[in-house]
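Below is one structure; the comments refer to it alone.
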Amino acid sequence: MKLNILFAVTCLAALSLGTTVHSSYEQEYACIVGGGVITRSHDITDGKDGDYKPFEYTKVKENVVQDHGQKCVRTEPDKTIDEPSLMVNKANCFIVISKKDYYLYVYEARGKDTVLLARYDCCFGQHVGNKQKRGDKKTPSSCNSLKANPFANAFYISQIQDASTWKHDFKDGRGNIKAYGDFFLRLVTPGHSGIGIHGSTNNAESVPGRASEGCIRLRDADIKALRNHYAREKMKVIIKDEKVDDLPFEIKAMRKQNIERKRHFDPEKTVNN
């Protein structure tokens with residue numbers, strides 16, 4: 001009992017300081033979210049790093065297209081998953097974003113399990129890679145290796161803002177137009193500002209793909225669902241680099257829930273536009 005209390009206090013302290021509690025990947029769930037989950041024990045020892053491939057690499061392709069005079073990437077849309085009725089505790093939900101496969105997933109930490117609640121198609125920054133500076137049109141990554149603790153450097157939602165009247169000039173001849181859907185989920189991404197998850201008003205055809213200036217675009221209906229059903233301030237957001245495949249708990253959840261998907265790209269063959 002004393003040991004458990006000490007461990008819980010250690011986890012809470014680490015969360016407040018933003019430090020890594022465990023160097024071992026097998027224990028990355030010890031302080032998974034800031035909403036009350038302190039200790040977790042996952043069985044993720046059923047393979048070695050790199051063995052986690054629940055689906056064959058997809059036959060769907062990434063295609064380079066011209067989008068308002070810019071070279072962008074588009075791919076085939078997939079079915080949206082949105083199951084708020086499965087949610088037990090909103091405080092234990094977190095987001096994982098795959099830049100490789102163009103998905104945003106909402107998971108709930110539940111005891112020894114992770115439950116997939118939602119999946120939305122995404123559009124990311126126009127260019128491949130981790131964001132380095134303002135204007136490089138790249139989306140920042142918080143998770144750059146399967147061997148690292150994905151929660152150690154996770155981003156989080158700092159504000160949920162009404163963006164229904166916001167406009168933006170993409171410098172593509174269309175002028176100052178609505179571009180954000182109804183909501184902007186502002187993220188804390190150390191080293192970079194202005195990054196968020198939002199809708200795709202006047203750019204719906206860009207989802208899924210790579211065409212933004214660095215933010216994560218969803219369809220307008222999906223940003224509403226994400227905000228209304230799952231999102232909260234301080235919610236953890238893991239953004240995986242294009243070279244990072246599925247995390248072990250994701251595979252376990254998808255296998256258990258029989259989740260099918262169209263896109264699972266080979267990380268060594270990411271199209272660079």
Could you check how many residues of segment 147-163 are under 14 Å from P190 (Cα atoms) and among the aliphatic types (A, V, I, L, M)? 3
For residues that are free of Cβ contacts under 8 Å to residues at least 60 places away in the same chain and on the phi > 0 side of the Ramachandran plot, tally how many sit in segment 149-175. 2
If I ask for residues that are within 15 Å of K90 (Cβ to Cβ) and open to solvent by 10 Å² or more (accessible area, probe 1.4 Å), which ones from segment 115-128 would you list? V115
Please verify whether K256 is under 20 Å from L86 (Cα atoms) and either modelled with pLDDT of 95 or more or polar (S, T, N, Q) (or both), treating the condition exactly as stated. no
If you scan segment 82-134, which residues turn out to be in contact with a Leu (Cβ under 9 Å, 6 or more places away or on another chain), touching a residue at least 40 places away in the same chain (Cβ under 8 Å), outside any strand (DSSP E or B) and of a type in the set (A, V, I, L, M)? M87
Given the criteria open to solvent by 10 Å² or more (accessible area, probe 1.4 Å) and either outside any strand (DSSP E or B) or closer than 22 Å to K79 by Cα (or both), does G173 qualify? yes
Of the residues in segment 184-239 that are in a strand (DSSP E or B) and in contact with a Lys or Arg (Cβ under 6 Å, 6 or more places away or on another chain), the one that is most open to solvent (accessible area, probe 1.4 Å) is H192
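Residue-wise test of (1) under 20 Å from L116 (Cα atoms); (2) modelled with pLDDT of 90 or more; (3) open to solvent by 30 Å² or more (accessible area, probe 1.4 Å).
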position	(1), (2), (3)
S41	yes, no, yes
I44	yes, no, no
G50	no, no, yes
F55	yes, no, yes
V65	no, yes, yes
D82	yes, yes, yes
V88	yes, yes, yes
Conditions: (1) part of a helix (DSSP H, G or I); (2) surrounded by fewer than 17 Cβ atoms within 10 Å (Cβ to Cβ). E260 meets all but one. Number of the miss? (1)
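The values are calculated or read from the model by the stated rules, or taken from the named source; none is laboratory data. Just so we're clear, the structure is a prediction, and the values are computed from it rather than from any experiment. Ideal geometry is used to build each Cβ from the backbone, glycine not excepted, and the neighbour counts take in all protein chains shown. Each accessible area value is taken on the protein alone, full model and side chains, heavy atoms only, with ligands, DNA and RNA left out. Shrake-Rupley method; radii C 1.70, N 1.55, O 1.52, S 1.80 Å.
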